[in-house]
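Here is the structure we will look at, set down as C-alpha cells.
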Amino acid sequence: MEQTPKTVRLRRADYERMLGEARKQAPNEACGLVAGTDEDGTRFIKKVYLLTNTDRSPEHFSLDPKEQLAAIKDMRQNGLTPLGNWHSHPATPSRPSEEDKRLAFDKTSTYFILSLAGDTPVLNAFHVEGAESRKENLVITE
C-alpha cells in the first residue's frame, strides 16, 4: 500500500448534498460517485453524483448501472476524472467494513464513507487496497 496519504479537497456544498441524501435515504445506505482533478497528490472533488442504491439496504449498496453510466458520460463531457465513490453508513462508524474492503476493486479510487451513527455525522476518505485501508487527508472547503 502506498505510504503517503493523499489530500482530498471537497466543497462544503457537496458535503451538504451528500449529507442530505444520506439522511433522506436512511435507514438504507445512500451512494454515489465523485469526480474532479488529481493534481500533484491532491484530489479536488469538483462534482458529487447522487445515485440510487439498487440494493435498498442498510448494510450495503449497489450503484444503479444506468445512472452510473450517465455520470461517467457527464464526467467525460465536463473534462472530469472519476476519482471514487461515496456511501453512507446509517448506523455504523465512518470506516470501511469488511464488505467495503472486499468490493474496493480500484486501488486508485478514493472511498468516502459518511456515518450517521451518533450525534454528529462523520465523513472520512479512505484509500483501500486489499484488506487494508488508510484514511486520506480530507479537507472541506468553502
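Taking every Cα atom in the chain, find the radius of gyration and the maximum pairwise distance Dmax, and write them in Å.
13.9, 39
Report, by chain and number, residues whose modeled amide H sits under 5 Å from the one on H89, excluding near sequence neighbours (fewer than 5 apart, same chain).
Residues meeting the criterion, in which the H sits 1.01 Å from N, are L114, S115, L116.
Pairs on different chains or at least eight residues apart, Cα atoms closer than 21 Å: how many lysine pairs in the stretch 2-142 fit?
So the count of such lysine pairs works out to 15.
Which of F126, F105, F112, F44 has the fewest other C-beta atoms within 10 Å, and how do the rest follow up to the most?
In increasing order of surrounding Cβ atoms, one gets F105, F44, F126, F112.
Rounded to whole Hz and in sequence order, give me ³J(HN,Hα) for the stretch 118-126 from the Karplus expression 6.51 cos²θ - 1.76 cosθ + 1.60, θ = phi - 60°, writing x for Gly and Pro.
For the stretch 118-126, the Karplus-derived couplings read x, 7, 10, x, 10, 10, 10, 10, 10 Hz, x marking Gly and Pro.
Counting only Cα atoms, I'd like the Rg/Rh figure for the stretch 1-67, Kirkwood definition for Rh.
When Rh is taken as the Kirkwood radius, the ratio is 1.04.
Restricting to DSSP loop positions (anything but H, G, I, E, B) with no more than 14 other Cβ atoms inside 10 Å of their own Cβ, which trypsin sites (Lys or Arg not before Pro) remain in the stretch 96-142?
Those that pass, being in a loop and sparsely packed, are K107.
Within the stretch 40-71, find all residues whose amide N lies under 14 Å from a label point positioned 7 Å from the Cα of Q77 along Cα-to-beta-carbon.
Inside the label zone: 67-71.
Taking amide H positions as placed in the peptide plane 1.01 Å from N, state which residues far from L51 in sequence (5 or more) or on other chains have amide H under 5 Å from it.
It is C31, G32, L33, by chain and number.
Values quoted throughout were computed directly from the atomic coordinates according to the rules given, and no laboratory measurement underlies them. Because the structure is predicted, anything quoted here is derived from the model rather than measured. Reconstructed Cβ throughout: ideal geometry from the backbone, glycine too, with neighbour counts over all protein chains shown.
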